[in-house]
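J.: Please see the structure below; I have some questions.
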Amino acid sequence: MYNVVAYQIASGLHIGRCKQLLNYDLKFQDSDELFYQTDKASYIYVFQFGMVSFFNIEETEIKSIIENLKMASANYFSEKLSEEVTVEVRPNTTKVEFNNIILPELDDEMIRLVMLNVSQSVALNRYGEITEELLTETNQHTKYLEINGKLDISGNKLKRFIGKALNIKNGILENLYIFDSPEITWENEALSNLNNSLKLAFDLKDRYRRIYERIEIIKENLELFKDIMEHRESSRLEWIIIILILVEVIDLFILKFV
């Protein structure tokens, strides 16, 4: 029985710096990921979007590695989201359940797929929490609009709110490739089946869609707020112009009679 645990340790990790900090056998790398083998049956998987996954590594060593990676972190999290599953090895058997995975052998690529999908699951948990908070805040503004017929948010705050929502959306699109299969699965049916089973077991695609739909709802509300804000500013300018014209007319009448 082997343990797999993934941690969201930061909002981002500098892959080049991580490579300098970790002195293990590098099995795979690209601009967004580093996959290491630390021992005969132990692995570390580092992701650019702030995720680190561990396979069969003691807790004390995990803490040491995470502490070491703090130097490569952007916005390091003191409280870390995590998810844990177990992996069993049974010859000629591949079975995926939510918290237990059975593999036919300790294959590097199979382990990498397990660690990838567990990490994606943790990332979805984080984005789910963030978008839920944003939606709750958006609903508060729409409720105020319903009751009072006006917004309770300033122009600058609204702009920051829109920027936050867009950054979250961009982060999800950039970092989570839920619908893309890794290259290793393209020509290997066993790996492809395992990857699909993992996505299904962790409900990755449906969770991703729910988060994306939530962001679209937030985006629609913010666009409505923006339109209302622009209309309010336009009306204010119109009144200012009317007042200036009235002042000018009054001034002309006063000068004429004087």
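J.: Between SER78 and ALA190, take the C-beta separation as r, use R0 = 30 Å, and let me know the FRET efficiency to the nearest 0.05.
T.: 0.15
J.: Okay, moving on. For the chain, what number results from the quotient of the Cα radius of gyration and 2.2 N^0.38 Å?
T.: Working: Rg = 26.4 Å, N = 258, 2.2 N^0.38 = 18.1 Å.
The chain yields a ratio of 1.46.
J.: Counting each DSSP H run of 4 or more residues in the chain as -39500 (n - 2.57), what helix-only mean residue ellipticity at 222 nm follows after dividing by all residues, to the nearest 500 deg cm²/dmol?
T.: -20000 deg cm²/dmol
J.: Another one. Find how much the distance from GLN29 to GLU183 grows on full extension, using 0.36 nm per residue of separation minus their present alpha carbon separation; answer in nm with one decimal.
T.: Extra length available between GLN29 and GLU183 comes to 54.2 nm.
J.: For LYS157 and SER11 in one chain, what is 0.36 nm times their gap in residues minus the Cα-Cα distance, to one decimal in nm?
T.: On the way: separation 146, 0.36 × 146 = 52.56 nm, distance 2.26 nm.
Contour length minus Cα-Cα distance gives 50.3 nm.
J.: What is the set of long-range amide H partners of ILE101 at a cut-off below 5 Å, with H atoms built 1.01 Å from backbone N?
T.: HN-HN under 5 Å from ILE101: THR86, VAL87, GLU88.
J.: Kindly put PHE161, PHE54 in sequence by how many other C-beta atoms sit within 10 Å of each C-beta, fewest to most.
T.: Details: PHE161 20, PHE54 24.
Fewest-to-most ranking of PHE161, PHE54: PHE161, PHE54.
J.: Identify the residues of the range 193-217 with backbone N under 17 Å of a label point that sits 7 angstrom from the Cα of GLU137 along the Cα-to-Cβ direction, or state none.
T.: 214-217
J.: Sort THR38, THR86 by Cβ crowding within 10 Å, fewest neighbours at the top.
T.: THR86, THR38
J.: Return the loop-located GluC sites (Glu not before Pro) in the range 107-213 (DSSP other than H, G, I, E, B) with at most 13 other Cβ atoms within 10 Å of their own Cβ; answer none if there are none.
T.: The qualifying sites are GLU187.
J.: Measure nothing fancy, just the Cα-based angle from helix 204-257's long axis to the longest principal axis of the chain, in degrees from 0 to 90, nearest 10.
T.: 20 degrees
J.: Would you mind giving the three semi-axes, in whole Å and largest first, of the ellipsoid equivalent to the range 107-199 according to its Cα gyration tensor?
T.: 41, 12, 10
J.: Ordered by packing density, taken as the mean number of other Cβ atoms within 10 Å over each peptide's residues, highest first, how do 7-14, 88-95 rank?
T.: 7-14, 88-95
J.: When only Cα pairs under 8 Å and 6 or more residues apart are kept, what is the percent relative contact order across the range 99-258?
T.: Contact order relative to length: 34 percent.
J.: Another question, then. Taking R0 as 51 Å, what FRET efficiency do you get between ILE147 and LYS70 from their Cβ-Cβ distance, rounded to the nearest 0.05?
T.: 0.65
J.: What's the whole-number percent of alpha carbon pairs in the range 10-77 lying beyond 15 angstrom?
T.: Values: 1021 of 2278 pairs.
In whole percent, the share of Cα-Cα pairs in the range 10-77 beyond 15 Å is 45.
J.: Give me the tail of P(r) for the range 29-119 as a percent: Cα-Cα pairs with distance above 21 Å.
T.: That tail contains 33 percent of the Cα-Cα pairs.
J.: Just to be sure I understand: with springs between alpha-carbon atoms less than 10 Å apart, which residue in TYR208, TYR24, TYR144 has the highest mean-square fluctuation in the Gaussian network model of the chain?
T.: Taking springs between Cα atoms under 10 Å, the residue moving most is TYR144.
J.: List the GluC sites (Glu not before Pro) in the range 1-80 that DSSP assigns to loop (not H, G, I, E or B) and whose Cβ has at most 16 other Cβ atoms within 10 Å. Which are they?
T.: GLU58
Values quoted throughout were computed directly from the atomic coordinates according to the rules given, and no laboratory measurement underlies them. Everything numeric in this text was worked out from a predicted model, so none of it was measured. For neighbour counting, all protein chains shown are included, and Cβ atoms are generated from backbone atoms with ideal geometry for every residue, glycine included.
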